[in-house]
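The values are calculated or read from the model by the stated rules, or taken from the named source; none is laboratory data. Values in this document were obtained by computation on a predicted structure and should not be read as measured data. Cβ placement follows ideal geometry from the backbone for every residue including glycine, while neighbour counts extend to all protein chains displayed.
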Amino acid sequence: MNSTQNIVVLTGAGMSAESGVPTFRGVDGLWEGHHIEEVASPEGFARNPALVHRFYNLRRAALKCVEPNAGHRALAMLESEWTGGFLLVTQNVDDLHERAGSRKLLHMHGELRKVRCEACYAVAVWENDLDAGTVCPACGETGAMRPHIVWFGEIPFEMETIAAALKSADLFLCIGTSGLVYPAAGFAQRVSNECRLIELNIESTEISRHFHEHIVGAVSAELPKLVESILRAR
Ligand code: OAD
């Protein structure tokens, strides 16, 4: 892989599953007991802000009980040892990549540890609970704070930077995502013809056919081996 310069990695919920963060698509079609649109859409938030705040408060609090796994650490090592271009794009809203040491990281679906004000658009780091009575620390407005999460129907963050990185990628790794949610599900089709595409997942997915190589297995076991082989082939 001597010609590889630029690496782009996309991660999904499977990345954090072994750390104890639940994935989205359970067998019953519910996400921690809720229909996804109830808790992950602007309409759901308008209908029942208390429910949505409670849902994300619980998930934010749960971050304190989970730790990065060997897969998160392997990607941080890849970033630190790789001398070419590198970008890690995650759909995950947990903070396990940064806690493992990743820095060249974009959270395209937002972050549980951030909130924003719909009145002044200020974004703040937030460790505690949020509710309909929370006052914005930037503008003083009451009741305009929401999780800094991209909900269904909203545009993911940093799309221009991601598009540019995909265009110049020589290696695209897609880790632990079902390939059901766009635009991330379409990234494998936005790289150049010369780009090598590798998918790592415990099962085949909707988008497996777009990849040259498939590693079937769990991230904590397989990703350290994959990273080692990429670094060895430099
Ligand atoms: P999903 O829950 O749809 O898919 C998780 C994927 O991880 C599945 O393909 C599993 O097979 C795989 N998987 C599970 N455990 C794994 C492991 N230990 N090792 C490797 N793979 C494993 O999650 P996402 O694809 O991330 O969006 O979902 C995409 C988006 O849909 C999320 O970001 C979220 C959701 O709605 C928003 O909230 C905007």
Hits in segment 30-58 (condition: touching a residue at least 40 places away in the same chain (Cβ under 8 Å) and within 21 Å of residue 178 (Cα to Cα)) = 36, 37, 40, 41
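Going through segment 71-101 one residue at a time, which ones are of a type outside the set (D, E, K, R), farther than 17 Å from residue 13 by Cβ and in a helix (DSSP H, G or I)? Before you say what the answer is, go through the steps one by one.
Within segment 71-101, the first condition is being of a type outside the set (D, E, K, R), and the residues that meet it are 71-72, 74-78, 80, 82-93, 96-97, 100-101.
Retained after the next criterion (residues that are farther than 17 Å from residue 13 by Cβ): 74, 76-78, 80, 82-87, 101.
If the condition is that a residue be of a type outside the set (D, E, K, R), farther than 17 Å from residue 13 by Cβ and in a helix (DSSP H, G or I), then 74, 76, 77, 78, 80 are the ones that fit.
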What are the residue pairs meeting all of these: first residue in segment 100-123, first residue within 13 Å of residue 150 (Cα to Cα), second residue among the small types (Gly, Ala, Ser), Cβ atoms under 6 Å, and 6 or more apart or on different chains?
-> 115/124
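I'm trying to understand the selection: among the residues of segment 127-175, which are of a type in the set (Ser, Thr, Tyr) and loosely packed, with under 13 Cβ neighbours inside 10 Å?
To start, the set of residues in segment 127-175 that are of a type in the set (Ser, Thr, Tyr) comprises 134, 142, 161, 168.
142 - this is the single residue of segment 127-175 that is of a type in the set (Ser, Thr, Tyr) and loosely packed, with under 13 Cβ neighbours inside 10 Å.
So which residues in segment 110-166 are among the polar types (S, T, N, Q) and outside any loop (DSSP other than H, G, I, E, B)?
Filtering segment 110-166 down to residues among the polar types (S, T, N, Q) leaves 128, 134, 142, 161.
Within segment 110-166, 142, 161 meet the criteria.
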Only one residue in 229, 178, 204, 220 is within 19 Å of residue 88 (Cα to Cα) and either exposed (fewer than 15 other Cβ atoms within 10 Å of the Cβ) or not assigned by TED's automatic domain parsing to the domain that holds residue 90 (or both). Which one?
-> 229
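Residues checked against (1) hydroxyl-bearing (Ser, Thr, Tyr); (2) not assigned by TED's automatic domain parsing to the domain that holds residue 15:
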residue: 104; (1), (2): no, no
residue: 122; (1), (2): no, yes
residue: 126; (1), (2): no, yes
residue: 130; (1), (2): no, yes
residue: 133; (1), (2): no, yes
residue: 136; (1), (2): no, yes
residue: 142; (1), (2): yes, yes
What pairs can you find where one residue is in segment 1-29 and surrounded by 18 or more Cβ atoms within 10 Å (Cβ to Cβ), the other is at pLDDT below 85 and not charged (D, E, K, R), and their Cβ atoms are less than 7 Å apart, with a gap of 6+ or different chains?
-> 13/24
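Every residue, every condition in (1) within 15 Å of the ligand (Cβ to nearest atom); (2) outside the structural domain of residue 220 (by TED's automatic domain parsing), yes or no:
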{"position": "15", "(1), (2)": "yes, no"}
{"position": "38", "(1), (2)": "yes, yes"}
{"position": "57", "(1), (2)": "no, yes"}
{"position": "89", "(1), (2)": "yes, no"}
Looking across segment 108-123 at residues that are within 11 Å of the ligand (Cβ to nearest atom) and out of contact with any strand residue (DSSP E or B) (no Cβ under 6 Å at 6 or more places or on another chain), the single one that is nearest to residue 177 (Cα to Cα) is 109
Residues of segment 57-70 satisfying the condition of being part of a helix (DSSP H, G or I) and closer than 29 Å to residue 166 by Cβ = 59, 63, 70
